[in-house]
Amino acid sequence: MGELESKIAIVTGAARGTGASIARRFAEEGAQVMLGDVRDEAGEEVAKRIGAPATYRHHDVTSADEWSRMVDATLEQHGRIDVLVNNAAVLHLGTLDHTPEDVFRHVLEVNTLGPFLGMQAVVPRMREQGGGAIVQVGSIDSLVGMNGITAYCASKWGLRGLSKAAALELGRDGIRVNSVCPSGGNMEMYGPWMEQLATIATETRSYTDNRAIPGEVPKKVIADAVVFLASDRSSHCTGVDLPVEGGAAAGRFIPGFNTL
Ligand SMILES: NC(=O)c1ccc[n+]([C@@H]2O[C@H](COP(=O)([O-])OP(=O)(O)OC[C@H]3O[C@@H](n4cnc5c(N)ncnc54)[C@H](O)[C@@H]3O)[C@@H](O)[C@H]2O)c1
């Protein structure tokens, strides 16, 4: 029997990258999955590849109306909602000086307001059912600060605060709210900045090298952590930030010091 047998889940931002991996792992573990995204062609393709347990719907997480429609469609098709995975997000690489106001607003709308609207949309139903699990895909950037990603960092710390408050408010309704905090996932997220990053390749490599477990974290490993927090095995975990980042937030790794 799978870890998520017969559970009904909504996964946002599931048209590619980590979200697509989460949807795939959920289906492997026995869940029925509603995939949402704004990239419809890619989303349809991911659902088709997963097969019968997956349904794709256009779903912009910044719209309360679209959340309503996603919840209605899920209930119509499956009759309940056991798990919400707030995975959809956008990145902006830019310092405080290079982050225009409209970009800052957009990043917060997708990464922080989106999950807020999602929780507001599913919680009444989860309460009626007697419980549910909400898993946020945060980031190492919700655990420590980082320069050059001002808006993203603010949005992910906001999401973390939102999750702590919601975990405290919803625990007595049987609803758990936890976060997976990865480093890495999908390089497509860096798409518009790849050329710029190539010019500072040595410095950016130190980002993944100078940690307890060096290198990129595979998407499947991030998805496995989401499966755990969505499953009944984590029944007494709430308000948790689960880092999946090779120990990057554990402290400073100084290569030379390992020889002392
Ligand atoms: N890529 C990384 O290095 C990294 C690192 C740490 C955490 N994360 C987090 O992992 C999660 C998944 O990111 P990813 O790496 O797969 O990146 P990604 O860019 O490949 O995936 C994000 C998905 O969200 C979708 N999306 C964007 N705006 C949306 C909206 N308004 N409504 C619905 N969907 C929307 C995109 O279309 C895309 O399919 C995100 O929460 C991200 O912040 C990523």
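Annotations
- For LYS164, the lysines whose Cα comes closer than 16 Å to its Cα, not counting residues fewer than 8 places off in the same chain, are LYS156.
- Candidate aspartates and glutamates for bridging to LYS7, where Cα separation is under 13 Å - those fewer than 8 sequence places away on the same chain excluded: GLU28, GLU29, ASP82, ASP232
- Summing Cβ point charges (Lys, Arg +1; Asp, Glu -1) relative to the Cα centre of the stretch 175-237 gives a dipole of roughly 280 debye.
- Relative contact order (%) - criterion: Cα under 8 Å, at least six apart; region: the chain: 19
- Computed extension length for THR202-LYS220: 3.8 nm, one decimal, from 0.36 nm per residue of separation with the Cα-Cα distance subtracted.
- Highest-fluctuation residue, PRO192, PRO243, PRO218 considered, GNM on the chain with Cα pairs under 10 Å: PRO192
- For the chain, a Gaussian network of Cα nodes joined below 10 Å ranks ILE50, ILE213, ILE200 by mean-square fluctuation, and the top entry is ILE200.
Read-outs: derived from the displayed coordinates by stated rules, not from any lab. Quick caveat, the model's predicted, so the values are computed rather than measured. Ideal geometry is used to build each Cβ from the backbone, glycine not excepted, and the neighbour counts take in all protein chains shown.
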